[in-house]
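Encoded as structure tokens, the structure appears first; notes follow it.
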Amino acid sequence: MSTTETPTPSDAGPDPSAAAAAQKETLPSSGGELLQRFRTGDLGSLRVLVLLAIVWIIFQSQESRFLSATNLTNLFLQITAVGLISVGVVLVLLLGEIDLSVGAVSGLCASIVAVLNVKNGWAPVPAIVVGVGVGASIGLFQGYISTKFGIPTFVVTLAGLLGWQGLQLKVLGETGTVNLQPGLLTDLAGKFLSDSVGWIVAIACIALFAAVSIVGRARRVRAGLSAPATALLGIRIGAVAIASLLAVWVMNKDRGVPIAVLILVGFVAFFDFLTRRTRFGRHIYAVGGNAEAARRAGIHVFRVRVIVFSLASSMAAVGGIMAASRLLAVNQSSGGSDLLLNSIAGPVIAGTSLFGGRGNVWSALLGALVIGSISNGMDLLAYTSATKFIVTGAVLLGAVVLDSLARMGRAASGRV
């Protein structure tokens, strides 16, 4: 006979959401405080923007075409697939776990969509639904196996990496390559907004971001919770406005704003809302911060983990479909090469902790931009693949070291 204990505050440990609320978000008051917050990882987004600026300056000094409108538009198109996959990777990293199968899942699901559409005559939308559904099912399976039997996710997803690659070869059949026909699938990465529509979308996005930020701050103030300082909120809104308008201006000088970029930003914004403004999102952070404390606080840890892995594989499927749209085909190498490395390296470089419980979904976009910029710049300079792998690996190692140092800094200062 078993009994169920109701957790008390002391049993459950610190409430992650209450702990977050206790930290008032203000501007650094001195250079020393600014350096301290850099060191402990509190200004991760600013840190990665500084890194991105350095990368852009270095490559522009070596190749004048790097910051041209055409190359920057191509850069945004190139990072779309990696960015979409990284969105799901961020969710897994927030749990303090890893998913090594996302590259293989992206290739498999893109192959399923292509075969259904081209070989079996399915309409694009049903084919996409099936492809994403297969991805979600794979994530459910891997998350369930890992959590139910206590197997490290590293092992389960490594097995998935091998198994899903084999299934992809089965799906593609003897031909090995499926070329996409012109239509919705190719339009995902091949269509661009007109100049005027691009400006309208940018202004609408800025207004929406400002409204959500202001309303969110007002709600926190009314609830007696800490809220960002007014100056900090204004800086954020201004930075988003400048970045959005500048991006549209640059892309309008080429072919216009790609539909693919809007899809990427839309998914990032949605999952950012999910993780930061919903109960399920708070549960993800709580489980990643301390799974046992989360369990004692009444959070269904098993459910959270399984759903997160399902969402991660679903985003891998979406990223694979977008990659196929850009390349106009799928083949046996789809989802392979450095796709897995870049999908994991990007969020880590942009500040999402490998230890769980810290980071945000926007790191998927920022990290993909850094990784994509490095790869794009080296391509323009005609560097070999060997050099590209070495440089990317070094950048990833540096990001992990910074993450570890930030974690030790927070521990030394008595913070989680």
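The values are calculated or read from the model by the stated rules, or taken from the named source; none is laboratory data. Computed from a predicted structure; not experimentally measured. With ideal geometry, Cβ positions are generated from the backbone for all residues, glycine too; neighbour counts draw on all protein chains shown. For accessibility, only protein heavy atoms count, side chains too; no ligands or nucleic acids. Shrake-Rupley method; radii C 1.70, N 1.55, O 1.52, S 1.80 Å.
The number of residues in segment 295-306 that are open to solvent by 60 Å² or more (accessible area, probe 1.4 Å) and closer than 20 Å to Ser137 by Cβ comes to 2. Residues of segment 268-283 that are in contact with a Ser or Thr (Cβ under 6 Å, 6 or more places away or on another chain) and either in contact (Cβ under 8 Å) with a residue 40 or more places away in the chain or open to solvent by 10 Å² or more (accessible area, probe 1.4 Å) (or both): Arg282 alone. Selection of segment 373-391 for residues being open to solvent by 60 Å² or more (accessible area, probe 1.4 Å) and under 25 Å from the mean Cα position of the chain (by Cα) yields Asp379, Ser385, Phe389, Ile390. A single member of Gly150, Gly163, Gly133, Gly173 is farther than 25 Å from Val330 by Cα and out of contact with any helix residue (DSSP H, G or I) (no Cβ under 7 Å at 6 or more places or on another chain), and it is Gly150.
Looking across segment 236-256 at every residue that is in contact (Cβ under 8 Å) with a residue 24 or more places away in the chain and β-branched (Val, Ile, Thr), the one that is farthest from Leu77 (Cα to Cα) is identified as Ile237.
Residue-by-condition table, conditions (1) over 27 Å from Leu397 (Cβ atoms); (2) in contact with a Lys or Arg (Cβ under 8 Å, 6 or more places away or on another chain); (3) surrounded by fewer than 24 Cβ atoms within 10 Å (Cβ to Cβ):
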site	(1), (2), (3)
Gly319	no, no, no
Ser325	yes, no, no
Leu328	yes, no, yes
Gln332	yes, no, yes
Gly346	no, no, no
Leu354	no, no, yes
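If the condition is being among the aliphatic types (A, V, I, L, M) and farther than 29 Å from Ala127 by Cβ, then segment 183-204 contributes Ile200, Ala202, Ile203, Ala204. Taken over segment 396-409, residues that are closer than 16 Å to Gly367 by Cβ, open to solvent by 40 Å² or more (accessible area, probe 1.4 Å) and touching a residue at least 12 places away in the same chain (Cβ under 8 Å) amount to 2.
Given the condition more than 24 Å from Gly190 (Cα to Cα) and in a helix (DSSP H, G or I), answer yes or no: does some residue in segment 119-129 qualify? Within segment 119-129, not a single residue is more than 24 Å from Gly190 (Cα to Cα) and in a helix (DSSP H, G or I).
Against the criterion of being under 26 Å from Gly198 (Cβ atoms) and in contact with a Leu (Cβ under 7 Å, 6 or more places away or on another chain), Val240 does not qualify. Of Val129, Val92, Val156, all but one fail to be without any contact (Cβ under 8 Å) to a residue 60 or more places away in the chain and farther than 26 Å from Ile259 by Cβ; the exception is Val156. When Val129, Val55, Val125, Val134 are checked against the criterion of being modelled with pLDDT under 95 and open to solvent by 10 Å² or more (accessible area, probe 1.4 Å), a single residue qualifies: Val55.
For segment 62-69, the count of residues that are within 18 Å of Leu365 (Cα to Cα), open to solvent by 10 Å² or more (accessible area, probe 1.4 Å) and assigned to a helix (DSSP H, G or I) is zero. Filter segment 356-368 down to residues that are under 11 Å from the mean Cα position of the chain (by Cα) and open to solvent by 10 Å² or more (accessible area, probe 1.4 Å) and give me whichever is modelled with the lowest pLDDT. If we take residues in segment 356-368 being under 11 Å from the mean Cα position of the chain (by Cα) and open to solvent by 10 Å² or more (accessible area, probe 1.4 Å), then Gly359 is modelled with the lowest pLDDT. Which of the residues spanning segment 59-87 are under 26 Å from Val178 (Cα atoms) and of a type in the set (Gly, Ala, Ser)? Hits for segment 59-87 are Ala81, Gly83, Ser86.
Only one entry of Ala110, Ala81 meets the criterion of being open to solvent by less than 30 Å² (accessible area, probe 1.4 Å), more than 22 Å from Ile374 (Cβ to Cβ) and assigned to a helix (DSSP H, G or I), and that entry is Ala110. Annotation note: Cβ proximity below 7 Å between a residue of segment 291-306 that is under 15 Å from Leu94 (Cα atoms) and a residue that is part of a helix (DSSP H, G or I) and among the basic types (Lys, Arg) (sequence gap 6+ or interchain) occurs for Val301/Arg295.
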